[in-house]
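Reviewing the structure listed below.
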Amino acid sequence: MSDIKFDGKVAIITGAGAGLGKTYALDLAKRGAKVVVNDLGGARDGSGSSSSAADAVVAEIKAAGGEAVANYDSVATVEGGENLVKTAVDAFGTVDIVINNAGILRDKSLLKLSEEEWDIVLAVHLKGAYCVTKPAFKIMKEKGFGRIVFTTSGAGLYGNFGQANYSAAKMGLVGFMNTLALEGAKYNIKLNTIAPVAASRLTEDVLPPEFFKKMKAEFITPLVVYLASEDNQDSCMIFNCASGWYSRAAIVCAKGICIGDGVRDIPAEEIKENWAAITSLEDNKVLTAGVAESFGYLAPLMS
Ligand code: NAI
């Protein structure tokens with residue numbers, strides 16, 4: 001097995017003062033990366049702030065002989081994202097890697113979910129990824145190298161009762177990645193998304209206690225570290241990961257059925273009649289070239 005090294009690489013990790021992000025920061029620094037440890041230091045619901053979480057991780061990295069600086073900005077504002085990237089440039093001259101990891105929870109079923117709870121969760125997870133990724137992407141494009149990791153969730157990919165705001169934000173990140181992967185391809189900017197399950201303060205009252213004990217955050221770290229490395233040549237993929245289980249997830253397009261001739265009207269009755277073929281996932285594939293690839297399925301109707 002050859003070593004995965006990050007010598008000369010600069011990594012920004014958001015929400016790296018605790019939980020999963022902290023493990024990424026420690027491992028990347030151990031492998032030679034210069035790390036910007038971002039953390040707002042607030043509570044699990046996003047309230048409050050403190051510099052102590054990021055400072056403690058920076059101190060731990062330095063004590064082990066690594067290089068790191070702290071940043072305490074919220075990722076949820078454009079100024080915060082820009083300042084975070086500026087922190088990396090001022091301290092280490094560039095940005096090579098961004099791991100969008102910061103997150104909060106405001107769980108409520110839809111009828112109890114307030115506008116504020118909707119907005120703040122989307123602001124941290126989805127807008128936060130925009131605010132940090134955009135200024136970093138500019139630098140990556142200029143240098144012709146970048147590795148970006150987004151953090152989605154099984155709640156977004158598959159649904160989870162009481163997490164409508166969180167699920168929407170997390171699935172939004174998948175759409176964001178799908179398009180950025182196309183925009184970054186020719187500049188060697190690779191983006192991938194993980195859907196982790198691990199013990200942290202976000203899951204202490206969500207996971208059953210026997211699962212919580214076994215689901216160490218450190219089991220997520222190796223996948224993220226590989227995705228952030230130059231060795232990784234794949235882009236636009238989604239991965240489930242938990243306790244040593246690593247599995248690719250994907251949005252697929254099935255062959256489906258072409259009805260009519262592209263000219264005549266199609267009554268709802270024909271949809272009903274062909275429901276089995278429309279809902280079948282037979283003959284499906286991942287469309288890696290973007291939405292235009294789906295037009296191929298229409299060919300019989302376009303002649
Ligand atoms: P955590 O609560 O231990 O860590 C999240 C960190 O993000 C905290 O240190 C917090 O201070 C920071 N943060 C929150 N809002 C911020 C903001 N506006 N700006 C900067 N930093 C901010 O949680 P955990 O479990 O480590 O979560 C990491 C990511 O993984 C999150 O995006 C979460 O949604 C995602 N995730 C975690 C799962 C799990 O099983 N732990 C499951 C699915 C997704």
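Would you mind estimating how fast segment 31-148 diffuses translationally, via Stokes-Einstein at 10 °C and 1.306 mPa s with the Kirkwood radius over Cα pairs, in µm²/s? Using the Kirkwood radius from Cα pairs, D works out to 105 µm²/s. Rounded, prolate or oblate: which fits the chain when a ≥ b ≥ c are the square roots of the eigenvalues of the alpha-carbon gyration tensor, with rounded for a/c under 1.5 and prolate only if a/b beats b/c? Note, shape of the chain comes out prolate. From the square roots a ≥ b ≥ c of the eigenvalues of the alpha-carbon gyration tensor of segment 252-302, which class results: rounded (a/c under 1.5), prolate (a/b over b/c), or oblate? In terms of gyration-tensor shape, oblate.
The residue list Ala277, Cys258, Gly290 was ranked by how far each Cα lies along the charge dipole of segment 252-302 toward its positive end, using unit charges on Cβ atoms, and Gly290 comes out on top. Structure shown: which of Lys134/Lys216; Lys5/Lys190; Lys62/Lys143; Lys5/Lys141; Lys5/Lys216; Lys34/Lys190 lie over 26 Å apart, alpha-carbon to alpha-carbon? Those over the limit are Lys134/Lys216; Lys62/Lys143. Estimated from helical segments only, the mean residue ellipticity of the chain at 222 nm is -11000 deg cm²/dmol, where each DSSP H run of four or more residues counts as -39500 (n - 2.57).
For segment 209-246 versus segment 151-179, the spacing of their alpha-carbon centroids is 17 Å. Arg44 contributes an accessible area of around 60 Å² to the protein surface, as traced by a 1.4 Å probe with all chains present. Taken about its Cα centre, segment 252-302 carries a charge dipole of roughly 160 debye when the Cβ of each Lys and Arg holds +1 and the Cβ of each Asp and Glu holds -1. Computed with every protein chain present, the accessible area of Leu40 is close to 60 Å² [probe 1.4 Å].
Rounded to the nearest 20, the Cβ-based charge dipole of segment 10-249 about its Cα centre (Lys and Arg +1, Asp and Glu -1) stands at 480 debye.
Roughly how many percent of the accessible protein surface of the chain is carbon and sulfur, given a 1.4 Å probe and a whole-percent answer?
Summing carbon and sulfur atoms, their accessible area is 57 percent of the total for the chain.
Given +1 at the Cβ of Lys and Arg, -1 at the Cβ of Asp and Glu and no other charges, the dipole of segment 17-148 around its Cα centre is 480 debye to the nearest 20.
Along the axis of the charge dipole computed for segment 84-207 (Cβ charges of +1 for Lys and Arg, -1 for Asp and Glu, origin at the Cα centre), the listed residues Leu113, Val206, Ala123 are led at the positive end by Ala123. Within the full protein context, the accessible area of Arg201 is estimated at about 100 Å² for a probe radius of 1.4 Å.
Modelled label positions at Lys272 and Val206, each set 7 Å beyond Cα in the direction of Cβ, lie 4.1 nm from each other.
The values are calculated or read from the model by the stated rules, or taken from the named source; none is laboratory data. Bear in mind that the values here come from a model prediction, so they are computed numbers and not experimental data. Every residue, glycine among them, receives a Cβ derived from its backbone with ideal geometry; neighbour counts consider all protein chains shown. Just the protein is used for accessible areas: all its heavy atoms, side chains included, with ligands, DNA and RNA removed. Shrake-Rupley method; radii C 1.70, N 1.55, O 1.52, S 1.80 Å.
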